[in-house]
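Here the structure comes first, spelled out in structure tokens, and everything after it is commentary.
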Amino acid sequence: MSVVFQKFRGKVKQSVRHGVYGGAIMLFSLSSFADDRVTLATQIWTPYQTVDSNGSIGGVAVERVKCALKNISQPYEIRVMRWDKAQLMVETGEMDGFFSGSANGRRASYATASYPVVSENLAWFIAPNVYADVNDETTKYSLRYGAKFNTNKWLSLKRDGFNVIRKPRDADSLLQMLWKGDLDVAYEYELVFEESMKKADIPMDYFQRIRVKKQDLMVHFSNEFLRESPGFLDKFNASLRKCY
């Protein structure tokens, strides 16, 4: 897929455009330095990254990233895609960064994380008919656990020996599995799971909830991009801190 950006003469044009190109949803700023735009990949992940009925990209994380880039007069392009593809395109050098994601060793091998865009609580959501203590080490083998497939959360549960039996593709699917009794425990960010519960009209107190830890979610900029743009990450981080 190729997108042609019109170049403008003179000052940076302070405008933002949304669009759908070849099936991909994009958000981009227009400027006289279009060739220097930063290309970022993200996923739909309510409430952090959202797309409304008009195809407009928004959400808490998107607005903070946009704010940080605008403050340093940095043209940008944001594309919405599958999460695995977003990371792969940064790893292969097709995009400059992806967000919002936590840190892990694989990502650190090809990208450097920014200052946190958001920090959110990870929690166990436990089915009402489960009375076992999830803090008991033995329950990791006896209960049925779930998290969004192929994420840091899912991989960490597998790595730590939990009985992970399903591969939900998103929080909505994870919720349905817990709701229908296919899982005993779901592991997800509180705000994300709450958004799914609201959509499904499930009361906020229906599941037992135990907070596990607070997790930072960042923009991961490719190391190749940062080598070619010395000083960029420091400027971005300083700007991002002012966007809270």
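Given H placed on each backbone N at 1.01 Å, which residues far from Ile78 in sequence or on other chains put an amide H within less than 5 Å of it?
Here the answer is Leu27, Phe28, Leu40, since their amide H atoms fall under 5 Å of that of Ile78.
Find which of Cys243, Phe221, Pro203 sits farthest along the positive direction of the dipole of region 195-244, computed with +1 on the beta-carbon of Lys and Arg, -1 on that of Asp and Glu, about the Cα centre.
It is Pro203.
Helix-derived [θ] at 222 nm for the chain: sum -39500 (n - 2.57) over DSSP H runs of at least 4, divide by residue count, nearest 500?
Values: 9 runs with 71 residues, N = 244.
Theoretical 222 nm ellipticity from helices: -7500 deg cm²/dmol.
Once you charge only the Cβ atoms, +1 for Lys and Arg and -1 for Asp and Glu, what is the size of the charge dipole of region 123-214 about its Cα centre, to the nearest 20 debye?
380 debye
Once you keep just the Cα pairs under 8 angstrom separated by 6 or more residues, what percentage relative contact order results for the chain?
24 percent
Report the local net charge at Glu194: Lys and Arg +1, Asp and Glu -1, summed over other residues whose C-beta lies under 14 Å from its C-beta.
So the environment of Glu194 carries a net charge of -3.
Gaussian network model of the chain, Cα springs within a sub-10 Å range: biggest mean-square fluctuation belongs to which of Ile78, Ile126, Ile165?
Checking each option, the largest mean-square fluctuation is seen for Ile165.
So how far apart, in nm, are the two label points at Arg227 and Ile44 if each is 7 Å from Cα heading toward Cβ?
A separation of 3.7 nm, rounded to one decimal place.
Quote the accessible area belonging to Val118 in square angstrom, nearest 10, computed with a 1.4 Å probe and with ligands, DNA and RNA left uncounted.
Around 10 Å² of this residue is reachable by solvent.
Provide Rg and Dmax in Å for region 128-244, with only Cα atoms included in the calculation.
18.0, 55
Can you list the HN-Hα couplings for region 83-94, worked out from phi with the Karplus curve (6.51, -1.76, 1.60; θ = phi - 60°), rounded to whole Hz and with x for Gly and Pro?
Running phi through 6.51 cos²θ - 1.76 cosθ + 1.60 with θ = phi - 60° gives 5, 5, 5, 4, 6, 5, 5, 6, 4, 8, x, 7 Hz.
Please identify the longest segment of the chain free of exposed trypsin sites (Lys or Arg not before Pro), where exposed means a DSSP state other than H, G, I, E or B and no more than 10 other Cβ atoms within 10 Å.
Result, exposed sites excluded: 12-179.
Would you work out the relative contact order for region 47-93, in percent, from Cα pairs under 8 angstrom that are 6 or more residues apart? Walk me through the numbers on the way to the answer.
Numbers: 21 pairs, mean separation 9.7, N = 47.
Relative contact order of region 47-93: 21 percent.
Which ³J(HN,Hα) values, rounded to whole Hz and listed in residue order, are derived for region 119-128 from phi using the Karplus coefficients 6.51, -1.76 and 1.60 in 6.51 cos²θ - 1.76 cosθ + 1.60 with θ = phi - 60°, glycine and proline given as x?
Result, rounded to whole Hz: 10, 9, 7, 8, 9, 7, 10, 10, 4, x.
Measuring from the lowest to the highest alpha carbon on each principal axis, how far does region 92-195 reach, largest first, in angstroms?
46, 28, 22
Taking a threshold of 29 Å on the Cα-Cα distance, which of the pairs Lys70/Lys167; Lys158/Lys235; Lys66/Lys199; Lys167/Lys235 fall above it?
Among Lys70/Lys167; Lys158/Lys235; Lys66/Lys199; Lys167/Lys235, the Cα-Cα distance tops 29 Å for Lys70/Lys167; Lys158/Lys235; Lys167/Lys235.
Full-extension gain between Lys198 and Arg82, please, as 0.36 nm times their residue separation minus the C-alpha to C-alpha distance.
39.4 nm
Given the chain, report the % of alpha carbon pairs whose separation exceeds 24 Å.
The calculated P(r) of the chain puts 49 percent of pairs beyond 24 Å.
Based on the Cβ-Cβ distance from Lys214 to Thr92, what FRET efficiency comes out when R0 is 35 Å, to the nearest 0.05?
0.65
Calculate the dipole size of region 61-106 relative to its Cα centre from +1 charges on Lys and Arg beta carbons and -1 charges on Asp and Glu beta carbons; express the result in debye to the nearest 20.
160 debye
For the modelled label position 7 Å from the Cα of Ser173 along Cα-to-Cβ, which residues of region 79-94 have backbone nitrogen atoms closer than 15 Å?
82-85
If the only charges are +1 at each Lys and Arg Cβ and -1 at each Asp and Glu Cβ, what is the size of the charge dipole of the chain around the Cα centre, to the nearest 20 debye? The partial results should precede the final answer.
Numbers: 34 positive and 28 negative charges, 132 e Å.
For the chain, the charge dipole is close to 640 debye.
Relative to the present Cα-Cα distance, how much length would full extension add between Asn135 and Ser53 at 0.36 nm per residue of separation?
Contour length minus Cα-Cα distance gives 25.4 nm.
From the phi of every residue in region 182-190, what ³J(HN,Hα) in whole Hz does the Karplus formula 6.51 cos²θ - 1.76 cosθ + 1.60 yield, where θ is phi - 60° and glycine or proline is x?
7, 10, 9, 9, 10, 10, 7, 5, 4
The values are calculated or read from the model by the stated rules, or taken from the named source; none is laboratory data. This one's a predicted model, so the numbers in the text were calculated from it and none came from an experiment. All Cβ positions, even for glycine, are placed from backbone atoms using ideal geometry, and neighbour counts span all protein chains on display. For the accessible areas, the whole protein counts, side chains as well, though only heavy atoms, and no ligand, DNA or RNA atoms are used. Shrake-Rupley method; radii C 1.70, N 1.55, O 1.52, S 1.80 Å.
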